[in-house]
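The values are calculated or read from the model by the stated rules, or taken from the named source; none is laboratory data. These numbers were taken from a predicted model, which means no experiment stands behind them. In this analysis, Cβ positions are derived from the backbone assuming ideal geometry, glycine residues included, and neighbour counts consider all displayed protein chains.
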């Protein structure tokens, strides 16, 4: 991976982290209600995947979509305004946290129904095949989707119809120890793993450490190239260590606001989440790699973090200032006009 | 004018649209298997082979694949077979296809054609006889077309394929082999424009799909008794041509609605609600619904015939209003 590519991906990761911290703050301040899902701890996978995708590609995400949008290049202002369901949001305030999408980025529709995004992405592959656009469909989804029958149907169809689509399953289910400690499991699968299902259907399938940016980038860039060339579906199981803040029904900032200096200064690392800071937090992990490889200095990391933080601070202001969509707009766009 | 079958008219519409637009794709399902229009079916098979897809039995995934493709400009026609099967894909039709335009604040469209065959077909029994139009009508964002004759089937199918919205196109098993006059060449029939299939001044009978055929038979019987019925064929439920219904009721003052859905929250209920809200003072008598009875569809032929809205039941309802 070139230094430029590494720094670009790190920039996306730290931007996601600061974005999600803002979402958490907004929810704590009761600025939006209901259930929501953060991408903290999985930034490596989303950022590395998006780095190999171009304008003709289409990405379909889930209820845990914020990181995918930001990694793809969504404007944090419009994305954060959508979290608050404001008029300037990506979806005009009609989607909220569950449905952030931006057709101008090739992310036309985000389904918050478990497994919903998987066949839609195959549909994007279908469209690319019909139009011979050279694009591919990409589905980002979690391991729980393998409990839904439509996912099996889709894998079968993608193979039968030779659809250019990459299925990226971010398996963030905790192991047995954490489950027994009371954490929510993300799926109820007898093996805890999902790769055997696409393999049984004859789909080329790979596994990767979803917290290892360079490994995800190397694998995904190769898969994207093969998918474009062969038009065949590919499956990736990205094994992700779950962020401790995601163990219960609502996110809890148990690891605190991220301090990037932990990448080179371990004096503050102790307590329940020491292993998380030392081994798993993908932002800290990649910062250490960048410094060790000489791609960046600690000062560079601090500077990138500052830029991300400033961007999110501006987005917070923008979102808070954005007006709610007026009730007079509620009837618009039930049906599209014309042919 | 030439006379062709309903099935042939449908095949012709699909064939024309595939020839006109290279983004139209077809799942090779029951639409092409109903018989009729062999030259069109053969042309589709050979000329557009790279745009036809043979499906496994996976209604949900195909419905969503069609929806995802539609968001990128492909117009997929997905014949799902018996309407009962679309329940497998309800989530994808209602939550993905039906919601895409609204949820994106108008930035995305998902123009898919979901084609199904509804109704009492003779021995379909409990799980192969559904009429899902009323349930679907409760889901925003989906157009619903219900033709009653070959000419309408062709024009409405062309509109369904060319529309920017997801459309559920609902045929009836007992219409496929019926014949009728169909104009030559391509023509579209817009949604939301009802058609007066018979004029009359005594009673309005609103219907769609096969019930239009039944209503026309009922009207013949009524005419022999000196009662002139006006038949309003809705042709589409979404959009609904409220004006045509109200205008006819204004003329006759009496309303019967024939509908193959069970009565509660049915097509008939909704049409009568519209008239109650917007034209109560036009009515000389309380309106009547003629629905499928509120039971499951039994396999026994006598029982199946008994529960459906028949020409006799429609005529009886109209007669009662005119007494």
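Summary table
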| quantity | calculated |
| --- | --- |
| Test: residue in segment A:164-173 that is out of contact with any strand residue (DSSP E or B) (no Cβ under 7 Å at 6 or more places or on another chain) and more than 14 Å from every other protein chain (Cβ to nearest Cβ) | yes |
| Within segment A:75-113, tally of residues that are crowded, with 24+ Cβ neighbours inside 10 Å and on the phi > 0 side of the Ramachandran plot | 0 |
| Enumeration of residues in segment B:287-323 that are in contact with a helix residue (DSSP H, G or I) (Cβ under 8 Å, 6 or more places away or on another chain), closer than 20 Å to residue B:249 by Cα and in a loop (DSSP other than H, G, I, E, B) | B:287 |
| Residue A:288 being touching a strand residue (DSSP E or B) at 6+ places or on another chain (Cβ under 7 Å), at pLDDT 95 or above, away from chain B (no Cβ under 14 Å) and surrounded by fewer than 20 Cβ atoms within 10 Å (Cβ to Cβ) | no |
| Out of B:115, B:101, sole residue that is modelled with pLDDT of 95 or more, farther than 25 Å from residue B:293 by Cβ and outside any helix (DSSP H, G or I) | B:115 |
| Top-ranked residue in segment A:294-328 [being surrounded by 15 or more Cβ atoms within 10 Å (Cβ to Cβ) and within 14 Å of chain B (Cβ to nearest Cβ); ranked as nearest to residue A:93 (Cα to Cα)] | A:325 |
| Residue that is crowded, with 19+ Cβ neighbours inside 10 Å and more than 14 Å from chain A (Cβ to nearest Cβ), where the choices are B:111, B:132 | B:132 |
| Residues located in segment A:160-187, provided they are modelled with pLDDT of 95 or more, touching a helix residue (DSSP H, G or I) at 6+ places or on another chain (Cβ under 9 Å) and surrounded by fewer than 17 Cβ atoms within 10 Å (Cβ to Cβ) | A:162 |
| Among residues of segment A:206-231, those that are in contact (Cβ under 8 Å) with a residue 60 or more places away in the chain and either touching a helix residue (DSSP H, G or I) at 6+ places or on another chain (Cβ under 8 Å) or under 17 Å from residue A:193 (Cβ atoms) (or both), counted | 9 |
| Odd one out for residue A:153, checked against (1) within 14 Å of chain B (Cβ to nearest Cβ); (2) in contact (Cβ under 8 Å) with a residue 40 or more places away in the chain; (3) outside any strand (DSSP E or B) | (2) |
| Test: residue in segment A:28-38 that is within 14 Å of another protein chain (Cβ to nearest Cβ) and buried (at least 24 other Cβ atoms within 10 Å of the Cβ) | no |
